[in-house]
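The values are calculated or read from the model by the stated rules, or taken from the named source; none is laboratory data. None of these values were measured; they are calculated from a predicted model. As a convention, Cβ positions derive from the backbone with ideal geometry for all residues, glycine included, and neighbour counts pool all protein chains shown. Remember, those area values only see protein heavy atoms, side chains included, never the ligands or the DNA or RNA. Shrake-Rupley method; radii C 1.70, N 1.55, O 1.52, S 1.80 Å.
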Amino acid sequence: MEAPLPPRESAEFVAVRSQDVFVEKAGVDRVAEMLLEKVPGREFGLGGWKSLHELNPQAADEDAVNWVFVVDTLNFSFWSEQEDRKCAVKYKGKMYSGYWALCAAIHRALDEGIPLTRASYYATVTLDQLQHILRSDTDVPMPLIEERHQILNETGKILLEKFGGSFLNCVRKSDKSAQKLLSLVVESFPSYRDVAVYQGKRISFYKRAQILVADTWCVLEGKGDGCFSDISSITMFADYRLPQVLAYLGAVRYSDELLKKLLKGEMFSSGDKQEVEIRGCSVWCVELIRDRLLKLVEEKGVKICIEINSILLDYYLWDYARDHREDMKGIPFHRIRCIYY
Ligand SMILES: Nc1nc2c(c(CN[C@H]3C=C[C@H](O)[C@@H]3O)cn2[C@@H]2O[C@H](COP(=O)(O)O)[C@@H](O)[C@H]2O)c(=O)[nH]1
């Protein structure tokens, strides 16, 4: 079977054909202008990954790389049915929800002496043990625990068989190429194969595989094994939060029919035409924002300390969505339960 289009080409393929989701040029320009002020700031750079997020590993060693791998293997589907009743994990006196609840639970396990980031452990962890490890400090459990269990066992076994039990060995096989690492991850680990068919074309988003490459780049601080020559070829990560924030900022617009479905909280399935259009248009939108921002930086002669890429835009917009949860309440995100994002 032919290989799917790579994520960037997939996004463009979808965006030019999309019937229910539209990239808004005026919105793209507005977001680029908003980001222009942030670009010289510290929150807009590789260092922000550690300095802004206390739950991200602060080290740049093998343990930190394996922490990133197990987190991104489980990095999907944290949204709750009701906004005011959600899974949350208390760690060092602070309550964390959503994606950060996963990170908090993993730190809590490590502090309890459970070696959750070790492949030999999670290759055979039982469902009961995992339910305890990912337990919520509210009465709402983390979604898809069974799927998380199956994926951990499968991924741990493969990491042991193919990469000596350490993701750093997988990174080292990529010759410091982000695209090679991306291919190695999706070829080796089935749960990362985030693909779809749209208008007869096999396309890919590879959301978890791309964020894994990006988080590996950041945890290694862009140095040594993490000095990927082509890191800027990685696109934004097509999750359910970025489309929401792009719609809130007016860079993406939904058809009336789709908006009605979203407002009703209708469930989508992986590969639905409208779900693919939401994801594809969002990825393409961030590519256009990046292009516009680079043009503005050049025109205005803004000093930048790092090459602006879609990863840094994504991180900034994802954090922005976190910080503006209240303001964004009126903008729905698409509801889906899947293992890809
Ligand atoms: N596009 C994009 N999607 C991201 C992330 C992250 C975490 N990255 C952080 C870690 C290191 C960096 O510092 C980032 O700040 C999680 N997700 C996705 O969001 C959803 C969870 O959302 P909520 O329910 O609100 O917690 C879920 O699909 C999850 O897979 C990102 O960065 N970009």
Length-normalised contact order for region 33-110 - Cα pairs under 8 Å, 6+ apart - percent: 21
At R0 = 22 Å, FRET efficiency that the Cβ-Cβ distance of Gln19 and Arg337 yields, to 0.05: 0.35
Sequence-separation-based contact order of region 65-112, relative, with Cα cut under 8 Å and 6+ spacing, percent: 29
Alpha-carbon centroid distance for the pair region 88-161 / region 247-274, whole angstrom: 31
Rounded accessible area per residue of the chain, 1.4 Å, Å²: 42
Sum of -39500 (n - 2.57) over DSSP H runs of 4+, divided by residues of the chain (222 nm, nearest 500): -15500 deg cm²/dmol
Residues of type aspartates and glutamates that Lys90 reaches as a straight line, Cα spacing below 15 Å, ignoring anything fewer than 8 places off in the same chain: Glu54, Asp111, Glu112, Asp137, Asp139
For region 173-250: lysine pairs under 20 Å (alpha-carbon distance), excluding those fewer than 8 apart on one chain: 5
Estimated FRET transfer efficiency (Glu12, Lys94; beta-carbon r; R0 41 Å; 0.05): 0.50
GluC sites (Glu not before Pro) within region 79-152: DSSP coil, no more than 15 neighbouring Cβ in 10 Å: Glu81, Glu83, Glu112
Backbone HN-Hα couplings from phi across region 139-156 [Karplus 6.51/-1.76/1.60, Hz, Gly and Pro as x]: 8, 10, x, 5, x, 6, 4, 4, 5, 5, 5, 4, 5, 4, 4, 4, 5, x
Net lengthening on full extension, Lys201/Ala3 (0.36 nm per residue, minus Cα-Cα): 70.3 nm
Low-density loop positions, GluC sites (Glu not before Pro), region 260-341 - DSSP coil, at most 16 other Cβ in 10 Å: Glu266, Glu307, Glu326
Prolate/oblate/rounded label for the chain (Cα gyration tensor, a/c 1.5): rounded
Segment Glu307-Thr124, extension gain: residue separation times 0.36 nm, minus the distance between their alpha carbons: 61.8 nm
Extension gain, Asp319 back to Lys157 (0.36 nm per residue minus Cα-Cα distance, nm): 55.0 nm
In region 137-224, the trypsin sites (Lys or Arg not before Pro) that fall in loop regions by DSSP, at most 11 other Cβ within 10 Å: Lys223
Amide H contacts under 5 Å for Met142, placed H, 5+ residues apart: Ser136
Separation in nanometres of the label points that stand 7 Å from Cα toward Cβ, at Arg172 and Glu83: 4.8
Distance between modelled label sites at Ala59 and Asp137, nm, 7 Å Cα→Cβ extension: 2.4
